[in-house]
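Novice: Starting off with a structure, shown below.
Values in this text are rule-based calculations from the coordinates and carry no lab data. None of these values were measured; they are calculated from a predicted model. All Cβ positions, even for glycine, are placed from backbone atoms using ideal geometry, and neighbour counts span all protein chains on display.
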Amino acid sequence: MLKNLGLDVEEMGQAEEATIKFQDRTLTIKGPSVFVLKTGGERVVQLVGGEVVEAKAGEEVTAYTPIDEDVLLVASQAGVSEEEARQALVEAGGDLAKAILSLRSRR
């Protein structure tokens, strides 16, 4: 249907991270889906979903470090090692349910 309107949409996949730098701040989007819309010789890049982290210019965004209790909970619920649970928690930005579901879906 979009082709009939002269629009060509291409799904590029899921990015690990996208960063947009402004003069006074930086937006970091973790895990967005990326789409490219082509129309009339122009390209529009669209980021959908993902966790948005905003930092003021000069500020560093600190990485999430899971606490031991969270690691143990995720490891026991997903039936994986503590190291796998720790990595899943980092990837999920500390979201316990997301980490558990991600690990269970990998089996």
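Novice: Whole Å is fine, so just give me how far the alpha carbon centre of the range 21-49 lies from that of the range 73-107.
Specialist: 28 Å
Novice: FRET efficiency for residue 57 and residue 81, Cβ-Cβ distance as r, R0 = 30 Å, nearest 0.05?
Specialist: My answer for the efficiency is 0.15.
Novice: Could I ask something else about it? What is the spin-label model distance, in nm, from residue 48 to residue 95 if the labels are put 7 Å beyond Cα along the C-beta direction?
Specialist: My value for the distance between the label points is 1.6 nm.
Novice: Related question: Pop a pseudo-label 7 angstrom from the Cα along the beta-carbon direction at both residue 18 and residue 33 and give the gap in nm to one decimal.
Specialist: 1.2 nm
Novice: If exposed means no more than 15 neighbouring beta carbons inside 10 Å and the site is in a DSSP loop, what's the longest run of the chain without any exposed GluC sites (Glu not before Pro)?
Specialist: By the stated rule (loop sites, at most 15 other Cβ atoms within 10 Å), 61-107.
Novice: Can you tell me the orientation of helix 82-91 relative to the chain, as the angle in degrees between its alpha-carbon axis and the longest Cα principal axis, to the nearest 10?
Specialist: So the inclination is approximately 30 degrees.
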